[in-house]
Every structure is written in C-alpha cells, then in structure tokens.
Amino acid sequence: MTGYLLRRFGFLVVSLLLASVVLFLLLRLLPGDPANALVSVGADPQQIAAARHELGTDQPLLQQFGSWLRQLATLDLGHSFVSSLPVGPEIVNRLNVTVPLTLAAFVLAVLIALPAGFVAAHRSRTWYGGLLSAVSQLGIAVPVFWVGMILVTVFALHLRVLPAGGFPQDGWSDPGDAVRSLVLPVVTVALVMAASLTRYVRSAALDVLGSDYLRTARALGASFRGAMWRHGLRNGVVPVISVLGIELATTLLGAVVVENVFALPGLGSQLAQAISQHDYPVIQGVLLVSSFAVLLIGFLADLVQRLIDPRLRGRLSGAVAPSAGGTR
C-alpha cells in the first residue's frame, strides 16, 4: 500500500504540472487583451503598451510561464490583473461558499440515491420501482438551472419561505442566514445529482441481486438482509464509489451554473467574471485549484475502493486475486 500511495502521489504531482502547462497555454490563445482592463476606452497604443508591460504580458511566453511556476513553488497564485489583490486569499474566501454548497448537495444526493436506487432494483417489477426509475431518468435530462428556477419560483416567489439568491455579506458570521441562502442551491444540485446516482445504484444493485454468490448464500439459509449485508454490500458499493467521486468532482466544476442562477459569490462566479475580464491570474488560480480538487477526489475514491475490496489490494502486491465468493 505504501508503494501505491507513493506512485499515486507522483502521478498527482505530474498531473498538476501538466495541467498548469495546458492552462497557461490555452489562456494565451483566448481572444482579447487583458491590458484593456487597465486602460479606458479609446486608449492610444502607448497606453496599451504600458499596461501590457505593467501586467507582464509583453514578455515571452516561456518567461511568463517560468515566473508563474516560481510563484506556484511558494504557493503564490499571483495578483489579479483587475483588482491587484492576491488571488490565493480571494479563492479561499470563495471556497467558503462553494465547498459547503458542494458537500451538502453531495451528502443529500447520496442519502436520496442509495435507498431510491436499491428500491428501484429490488422492486423493479412493482409500480413504485418503475416510477423511481422513470423519475431518475427524467431527472438526468433536466438542466440544473431549470430546476433552480422552478425552486426559486415556488419557494422564494410564491411561498416566500427562502431567499431567491445571494449570500450574506458578512459570510458565516451568522450561520442561520448563510444556511438559509444555501438551501435552494443545495437542493437544486442534490436533485439533479441524485437522479444520476440513482441510475448507477440501481444498476449495481441489479448485478448483486442476480449474482450467484448471493443466491448461494440464500440457499445456505441466510436471510435476504443478512446475505446483502455480508456478501452483497461490498460488491455493490465498489463501482458506486467511482461514480460518487466523479459526481462530486463534476459538481465542484459545474458550480458556475448554480452560483450564477442564485447569485452566490463562490468559485464558479469568480471564474465566470475573471474570464469576461481576461484576468489570467484569477483564471489560472481557480482552474488549478479545481484541477487539484478533482485529482484529489479521484485519488481518495480509488483508495477507498482498495480498502473495501481485498482483490484490488491483492493486485497491488502482485498476488493472485481470489474469486468473489472467496472474499466474502
């Protein structure tokens, strides 16, 4: 396991380095000039050249990239071209909104999807099992912003029990107001995520329910609940963990849509604003932090799979993986 952790850590470092190269190059290919953010409309060429020199964008690309790497080595993400504020602290402030939103939506989606997916598989021939499958399929096709607009219309405009958007200016100093402002965004993301997760949980549960080892355990006298708990749960949860990691990473990256719908000052809205202003340091910082989060989530999901399934640990040590029945 130690060797595996070292290899994955090396892979994480190399992936971040490659991501930094790709981000740096792609941003420079975008149309527009970030110097325009510092000069007024109708500025002459001398003023634009002076702004480029101030920002450092008149330097060769290799020199600009080297300067950025030296900053990253000291965990310095640079300063915004527009506000001149440090990018790192601003990202941390935005994460105070994005991280609670993402984690709360993820937990709520899991609490909905796990029982719904299992019931849809175990009772697939009943009307409510079919209804759960149909609703989950419909939820996958519904855009997240449309769900948000419906919830705002019902709970904010008609019932007036929750705010339509925004976040307290003093942040989490008043937890009650902060939580209330996140209720609708969390439910919006959770409903869309739960629909997708339900399909995967249903598929994994169907595989377990139709497996030979589960039928053998039942034939040997085990109850359905006991056979599922002892033999089926571990087999069924391993593929679901990968999907959970992907969904969590996707939700973090897709926060820009929900945060714009609900006017939340999170990482997604910061990225959208920085792109419109060609603020390279902010864009690079946000995308690099997001890339690190995605890679870390994938690493943790892979690690949890290996802790649950001894067959995967056997592959790490070069041992021959035993059969499914022998590990349960």
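The values are calculated or read from the model by the stated rules, or taken from the named source; none is laboratory data. Fair warning: this is a prediction, and the values are worked out from it, not measured in the lab. Here the Cβ positions follow ideal geometry from the backbone for every residue, glycine too, while neighbour counts run over all protein chains shown. In case anyone asks, the SASA skips ligands and DNA or RNA and just uses the protein heavy atoms, side chains included. Shrake-Rupley method; radii C 1.70, N 1.55, O 1.52, S 1.80 Å.
Extension gain, Gln63 to Phe292: 0.36 nm times the residue separation minus the Cα-Cα distance gives 80.0 nm.
Per-residue SASA remark: Phe167, around 40 Å² accessible (1.4 Å probe; ligands, DNA and RNA not included). Taking the longest Cα principal axis of the chain as reference, the axis of helix 175-209 is set at about 40 degrees.
For the chain, the residue among Val179, Gly56, Asn93 whose Cα projects farthest onto the positive side of the dipole built from Cβ charges is Val179. Principal axis analysis of the Cα atoms in segment 91-173 yields extents of 52, 31, 21 Å, listed in decreasing size. Computed over the Cα atoms of the chain, pair by distinct pair, the Kirkwood hydrodynamic radius stands at 23.0 angstrom.
Applying the Kirkwood pairwise sum to the alpha-carbon positions of segment 43-161 produces a hydrodynamic radius of 19.9 angstrom.
GNM remark for the chain: springs join alpha carbons under 10 Å apart, and the peak mean-square fluctuation among Leu296, Leu29, Leu61 falls on Leu29. For the pair Arg125 and Leu6, label points projected 7 Å from Cα toward Cβ lie 5.5 nm apart. Adding -39500 (n - 2.57) for every DSSP H run of four residues or longer, then dividing by how many residues the chain holds, sets the calculated 222 nm ellipticity at -24000 deg cm²/dmol. Across the alpha-carbon set of segment 51-106, the Rg to Rh ratio works out to 1.13, Rh being the Kirkwood radius. As an exercise, use a Förster radius of 22 Å and the Cβ-Cβ distance of Thr153 and Arg180 to find the FRET efficiency, rounded to the nearest 0.05. That gives a FRET efficiency of 0.80. Entry comment: accessible area of segment 34-184 is 60 Å² per residue, from protein heavy atoms only and a probe of 1.4 Å. Amide H to amide H, with H built 1.01 Å from N, His79 comes under 5 Å of Val87, counting only residues 5 or more places away or on other chains.
Compute the relative contact order of the chain as a whole-number percentage, counting only Cα pairs closer than 8 Å that sit 6 or more residues apart in sequence. Computed value for the chain: 24 percent relative contact order.
On full extension, the segment bounded by Leu16 and Leu29 gains 2.7 nm, given 0.36 nm per residue less the C-alpha separation.
A Förster radius of 25 Å, combined with the Cβ-Cβ distance separating Ile246 from Ala134, puts the computed FRET efficiency at roughly 0.60. What the pair-distance distribution of segment 142-226 shows, using all Cα-Cα distances binned every 5 Å from zero, is 3, 12, 15, 13, 11, 9, 7, 7, 8, 8, 6, 2, 0 percent. Among Asp279, Asp207, the sequence by solvent-accessible area, most first, with a 1.4 Å probe is Asp207, Asp279.
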